[in-house]
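Structure incoming, see below.
The values are calculated or read from the model by the stated rules, or taken from the named source; none is laboratory data. Every value quoted in this text rests on a predicted model; they were computed, and no experiment measured them. Neighbour counts run over all protein chains shown; Cβ positions are idealised from the backbone, glycine included.
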Amino acid sequence: MTPSKILFYLSCAFIFGVFVASLVSFPNWLIYELFLLSFLYLIIFYRQKLIIVFSLGLICLGLGALRTNQVNTRVMSLSVQNNSSNQVSLWREKLASGINQNLAPPYSVILEGIVLGGQKGISFEWKQKLNITGTRHITAVSGMNIVILAQMLVILGLFLGLWRQQALFLALILIWFYIIFIGFPASALRAGIMASLLLIAQILGRQNLAQRTIILAAAVMLVFSPLALKSDWGFQLSFLATLGLLYLAPTLIAWLDRVSFFKKLGLSEATGTTLAAQAFTAPLLIYNTGNLSLVAPLANVLIAPIITLTMVLGFALVLTHLVSPVLGWAIAWPCQFLMGYLVSVIDVCSKIPLASLRFHFTGILVLVCYLGLAFWAWKIKQASQFPFRA
């Protein structure tokens, strides 16, 4: 057993400890007994490597539970909210003015959400349409959004004629430029770490490195904020979307490459990436919203090819408007065209009969769904003969 694999198992044990303690309250004395039992195993079976790793895993599990017990939910959530809002709000309003002065609602408010995050200006009617079509994530700086954006930037770089390594480096730089640009919100920062690790693993061409590093990164984040596993959508979505891109996207892309329509139009990677992230985040979204969108795959596939270009042009609009309103007005024209397509897709899909159903997901059902997804991803990974890409 290699050191990296041992570290992977210990990270998983810590995350599991945080998960269990988030659901069930354990008294500290029980955790201390677990530590005592682990140390006894280490002393008695110090020559047995597997038992040593198992004992260390129990210690990490206990540390995860103990760390979760020590955290005060109210103090942490309030401090994060106040710090982020004070630092970002004024800068964000200045940036949003370039969009709002050149485009009319709903184009302006949806583009503002895509570029800068936030849904305050979106009307109730359009929030409902976004919910029905499963596309509301595009108007939030969520973990899933940033992870998908990273992969779309790679695809855009390849489309522009860059080598894959060059496209990956370009995506890595642009993701962090984006996070700096919007003021380092906590959700984007965590998602940026996840996306960066995924891109670095692809640059090195090692899938196992990506899988183990993502788990280690999640464990380190939970050391500082253990309640994120239970209550932070940004952390949950970024983690799940990254796992979807690691385990499911390569196989979906390979399957879509066999369909002439997707291959001829070059839509295999964009569609496979979007569907993989959607599949791994859908149970959590349904659990939290109580809404099962039957048209979400269709709507997301139709808008996925233009989301990155829309975001890039949206950035250009914001930046050029800061320099010259006339230049901003010129950039607004292509933004208007792209937003017209995006809004039309959402509007039409939301009006399809039985587009969305109210669906109650229990915690156990969510767990069953993710166990099923994990088993499915493992099976198709074992059966697949395709190398790691995505």
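Could you tell me which of the residues LEU292, LEU275, LEU298 is part of a helix (DSSP H, G or I) and in contact (Cβ under 8 Å) with a residue 40 or more places away in the chain? First the steps, then the outcome.
Values: LEU292 fails: part of a helix (DSSP H, G or I); LEU275 fails: in contact (Cβ under 8 Å) with a residue 40 or more places away in the chain.
Exactly one residue qualifies, and that residue is LEU298.
Being under 19 Å from GLY98 (Cβ atoms) and either outside the structural domain of LEU313 (by TED's automatic domain parsing) or surrounded by fewer than 17 Cβ atoms within 10 Å (Cβ to Cβ) (or both) is the filter here; which residues of region 337-346 pass it?
Scanning region 337-346 gives PHE337, GLY340.
What's the number of the condition ARG258 fails, among (1) more than 25 Å from LYS379 (Cα to Cα); (2) surrounded by fewer than 16 Cβ atoms within 10 Å (Cβ to Cβ)?
Unmet condition: (1).
If you don't mind, another one. Can you pull out the residues in region 320-336 that are among the small types (Gly, Ala, Ser) and either in contact (Cβ under 8 Å) with a residue 40 or more places away in the chain or outside the structural domain of ALA104 (by TED's automatic domain parsing) (or both)? Give the derivation first.
First pass over region 320-336, keeping only residues among the small types (Gly, Ala, Ser): 324, 328, 330, 332.
Result: GLY328, ALA332.
In the list ALA390, ALA332, which residue meets the criterion of being assigned to a helix (DSSP H, G or I) and either closer than 28 Å to ALA167 by Cα or modelled with pLDDT of 80 or more (or both)?
Working: ALA390 fails: assigned to a helix (DSSP H, G or I).
None of the other options fit; the residue is ALA332.
Let me ask something else about it. Does region 220-246 hold any residues that are in a loop (DSSP other than H, G, I, E, B) and either among the charged types (D, E, K, R) or surrounded by fewer than 23 Cβ atoms within 10 Å (Cβ to Cβ) (or both), and which are they?
Narrowing region 220-246 to residues in a loop (DSSP other than H, G, I, E, B): 225-227, 232.
Correct list: SER225, LEU227, ASP232.
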